[in-house]
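Read the structure below first, then the notes.
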Amino acid sequence: MTAPRQIIFLFLLSSFILACTPAPKDTTLHISGPFEPVNLDPASAGYMYTRMQIIETLVDVDNDGNLIPGLATSWKSNADLTRWTFHLRPGVTFHDGTLMDAESVRKSLAVALGKPAPFPVDIVTNIEIVDPLTVSFTLKSPYRPFPSLLSNYTTAILSPASFGKFNRMKALIGTGPYEITDFIPPHNIKAKRFEKYRNGPATIESVDYVTGHRSETRALMVRTGQADIVFNLDPPATEMLKQDPDVNVHTRFIPRTTLVKLNSGNEKLSDVRVRQALSLAIDRQAIAEGILHVKGAEANQLFGPSMGTWHDASLPPLATNIEKAKTLLNEAGWKLRDDGIRYRDGKPLSLSMITYANRPELITIATAIQAQWREAGVELAVHMENASAIPSGHSDGTLETALLARNFANIPDPLGILLADFTSVEGGEWGPMNWSNDRVFSIVNQLASGKPDDNYYVLQKELISTLNEDMPLIPVAFYVQQSATSSRVRNFSFDPYERSFRIDQMRFQSK
Amino acid sequence: MLKILLSRLGQCLLMAWSVGTLTFILTRLLPGDMAYKIATGRYGDDAVSTAAANAVNAELGLDRPAFQQYLVWLGDLITGDLGTSLVTGAPVVHELKNQMSFTLVLAFWAILAAALIAFPVGLLCGAKAETVPDKASLITSTFIRSQPVFCLGLLLIFIFSMELNWFPVAGFGSAEYAVLPVLTLALSLAAVSNRVVRNSTRQAVNSAYFHFARTKGLSYAQAFTRHVIPNVIVPGLAFMGIQLIGLIEGVIMVESLFAWPGIGHGLSHAVFARDIPMLQGTALVMGMLFVAINTLVDISQHYLDPRTRLEN
């Protein structure tokens, strides 16, 4: 290439680069997270549309997990908890301009309860319209936490025009402060504020959500100002962002606990002394500080500090005590041999552990536990899998142990989870397995039928301490959610129940 | 010419059948229960349960014999129906059209940019072999090629997004988002092809016909333009055609890093979620793209290289 041609080439290249320089800041709020909305169906991706505040549910949840009015203003049950009546909020407009009434609620919920959801959908046997603003549900058996089910994203109320032939999703027409304008699954959702929202239009005009698949990418996006809010950051990314004066990092406990699921029916794990020894051998503080970089994240019970009266703040930490673990294993008949592994009747104390890749810290914690159990003479093989390997292994009985991050916010009242998981030997796919404790089963049933009085709280405390003694699940760490915002975002707050991004409360810093 | 096109068409049909069949068999050989994996893809980690897996099984008829499912797929393929995604429920054709529109943008500009880098650099280094620019290009090429595409992408993000703040880190929507992923792929492709161009150039510059052209009175520039460039473009283009395999491999990583909604990203998700129709559709389209680009290379060779026309 001759010199003049080289100059022309360089000129063209530099003009191309300059033409591509990003435009100045706009009035759209840019959000990035790892969540991948696959379609418009609330059964699949509703968690994303409630967060974007496009759809809403009858019941809402406050920061402490208490149920508060949503699209329903009040609710009550009959004496035996089998019939629940909900009074709907008047004057709620869907994004297509139609008014929400009992028929649209019945239609939405009839469709939702015909699809899989993170609770037993077959509990409702009939939905009845009492008057244009009152709906009544008949249940097949008494169920105290029923209102909390109607806070789950799968039960969002949609305009009848959302459904097409065979009730397939045709459009997503909700009641939230934002309405969807564009959707490229699973990468992008665009929404603009709903001008006729019942509490008046939100301050921020439009929102653009982009799926940022990697934590590193999301961290760099907020650092360069390309994103205003990023969610689900991993510890290294958080450490980097804390150094940046233009970025605010938000750390918050959420109702999710990292725990080890045990198959108590397994011959190696049926002895409570073995389960206690496995718990004693785990150094939770090292995991919290060394892997998660969050002091105080070590778990000493199943439910974390964000879960109201289900968390007993007076309990001491679950201390690491290798010597006591060894004694317990000896008492249970597992004797140490020269290879450093314990044996009973010629069989080694070797276990397998399933964990999954979507939460990157799990594999690191699993390998830490592998090393810590090894000190007590327990051999552990860690298998990295897809999350579905846990319910699948539970259902076919092949699972021995699993490390998982259990979401206790899907149904904000833990009673729903306890009733499903802690009342039978079968247990729950994400809960105990082949475990039985008559006292716990009886407490859960009493709590389900009792009223929140003094005795209720005494029973709750007894339940928590019994679970800690019998160890059907080993709590490891309380989950901490790390998010970051750019300095132009004002009034950011993180919803610990991960139901809403709370965009309608935010504004941009005025210049 | 017609012969080339007919043989490529035959290859395309054979490829469609074999790629689809192989994908079907391989996906079924993967460990784990398919219904559970599909349920995870659909409802997310927190909501996957045996009840959800059973619902998926009942809806999709996954317990039908594999052979029966295969025959249904083959029948649909003949009528041009690629089915619907098991995860999103949308027609595969629709999803692929969406993803392809993004990947083709990336691939087209990456190949063009790679050619714009590889040919000038290769020609310069070939003409001035064993000089400082040639050695510098060798070291740079080796350095770039020895990086995983992922690291190269991160490096570009650090330079152009973090330090200079010229381009966004990730996402899509306007031209500026495409620059870094295109540049990442282009640099990775050009790192090898510029050496191929350089070697061809060197061979041509040292050839008897180049010396003869000079001897008969052409200037260096005239001899270079008329006798070196045509002899370099032909092998250079052919090599770039072969390199497309590398492009497809790079696209998966680059799309994930830059949050680009293309076919590479779709493919990796379809594998995790055992979305067989999506996998078959994606493999099919990628295979056809490969055949199509190679056909284009063949056609361009046919016009650029008089020898092939003489042979035919």
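Each value in this text was obtained by applying a stated rule to the coordinates, not by laboratory testing. Small disclaimer: the values here were computed from a predicted structure and weren't measured. Ideal geometry is used to build each Cβ from the backbone, glycine not excepted, and the neighbour counts take in all protein chains shown.
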- Message: Return the equivalent ellipsoid semi-axes of the range B:119-232 as a descending list in whole Å, where each equals the square root of 5 times an eigenvalue of the C-alpha gyration tensor.
- Response: 37, 15, 11
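Two-decimal Rg/Rh of the range A:313-361 from alpha-carbon positions, Kirkwood Rh?
Values: Rg = 15.6 Å, Rh = 13.8 Å.
Using Cα coordinates only, the ratio equals 1.13.
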- Note on the structure: Expressed to two decimals, the range A:184-338 has a Cα Rg over Rh, using the Kirkwood radius, of 1.13
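What's the whole-number percent of alpha carbon pairs in the protein assembly as shown lying beyond 49 angstrom?
Numbers: 95629 of 338253 pairs.
Cα-Cα pairs of the protein assembly as shown separated by over 49 Å account for 28 percent.
Please rank A:ASP244, A:ASP454, A:ASP234, fewest neighbouring Cβ atoms within 10 Å first, as an exposure proxy. It would help to have the intermediate numbers written out before the result.
Values: A:ASP244 15, A:ASP454 7, A:ASP234 19.
With the fewest neighbours first, A:ASP244, A:ASP454, A:ASP234 line up as A:ASP454, A:ASP244, A:ASP234.
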- Task: Please tell me the relative contact order of the range B:62-141 in percent, rounded to the nearest whole number, where contacts are Cα pairs under 8 Å and at least six residues apart.
- Result: 11 percent
- Item | q = 0.12, 0.13, 0.16, 0.28 Å⁻¹, the range A:88-149: log10 I(q)/I(0) [Debye, one scatterer per Cα] | -0.33, -0.39, -0.58, -1.26
- Query: Once the dipole of the protein assembly as shown is set up with Lys and Arg at +1 and Asp and Glu at -1 on Cβ about the Cα centre, which of A:ILE68, B:GLN280, B:ILE139 lies farthest towards its positive end?
  - Reply: B:ILE139
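Averaging the inverse of every distinct alpha carbon separation and then flipping it gives the Kirkwood radius. What is it for the range A:357-510, in angstrom units?
The Cα-based Kirkwood calculation yields 18.6 Å.
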- Query: Around B:ASP33, which amide H atoms from residues at least 5 apart in sequence, or from another chain, sit under 5 Å from its own amide H, with H modelled in the peptide plane?
  - Reply: none
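Wrap a convex hull around the Cα atoms of the range B:173-233, take a quarter of its surface area, and give that in square nanometres. Intermediate results must be reported in sequence, preceding the final value.
Values: hull surface 21.3 nm².
Value for the range B:173-233: 5.3 nm².
Give the relative contact order (percent, whole number) for chain B; include only Cα pairs under 8 Å separated by 6+ residues. Mind showing how you got there, number by number?
Details: 344 pairs, mean separation 86.9, N = 312.
Relative CO of chain B lands at 28 percent.
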- Ignore the peptide's own chain and count Cβ atoms of other chains within 10 Å of each Cβ in B:154-162; give me the average, rounded. 2
- Query: Once you treat every alpha carbon in the range B:263-312 as an equal point and sum by Debye, what is log10 I(q)/I(0) at q = 0.16, 0.21 Å⁻¹?
  - Reply: -0.56, -0.70
- Which part of the range B:165-205 falls in the paramagnetic zone of B:SER146, meaning amide N under 11 Å from the point 7 Å along Cα-to-beta-carbon? none
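Only helical DSSP H runs with n ≥ 4 go in: add -39500 (n - 2.57) per run for the protein assembly as shown, normalise by residue count and round the 222 nm mean residue ellipticity to 500 deg cm²/dmol. Write down the numbers at each step before the final one.
Values: 28 runs with 375 residues, N = 823.
After summing the helix terms and dividing by the residues of the protein assembly as shown, the value is -14500 deg cm²/dmol.
With an 8 Å Cα cut-off and a minimum separation of 6 or more residues, compute the relative contact order for the range B:184-312 in percent.
23 percent
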- Evaluate 2.2 N^0.38 Å with N set to the residue count of the range A:423-511, then give the Cα radius of gyration divided by it. 1.67
- Query: From largest to smallest, what semi-axes in whole angstrom does chain B give when each is the square root of 5 times an eigenvalue of its alpha carbon gyration tensor?
  - Reply: 44, 25, 14
- Message: Once you compute Rg and the Kirkwood Rh from C-alpha atoms, what is the Rg to Rh ratio for the range B:1-144?
- Response: 1.18
- Item | Calculated from backbone phi, Karplus (6.51, -1.76, 1.60) coupling profile of the range A:67-80 in Hz, x at Gly/Pro | 7, 10, x, x, 6, 9, 8, 7, 8, 8, 10, 6, 4, 9
- Item | Averaged over B:248-259, number of beta-carbon atoms from partner chains that fall within 10 Å | 2
- What list of ³J(HN,Hα) couplings, whole Hz, do you get for the range B:85-93 from phi and the Karplus terms 6.51, -1.76, 1.60, once you set θ to phi - 60° and write x for glycine and proline? 5, 6, 8, 8, x, 7, x, 4, 4
- Message: Sort B:ASP63, B:ASP33 by Cβ crowding within 10 Å, fewest neighbours at the top.
- Response: B:ASP63, B:ASP33
- Message: Per-residue Cβ counts within 10 Å, from other chains only, averaged over A:34-46: what number is that?
- Response: 4
- the range A:126-234 - convex hull of the alpha-carbon atoms, volume per residue in Å³: 189 Å³
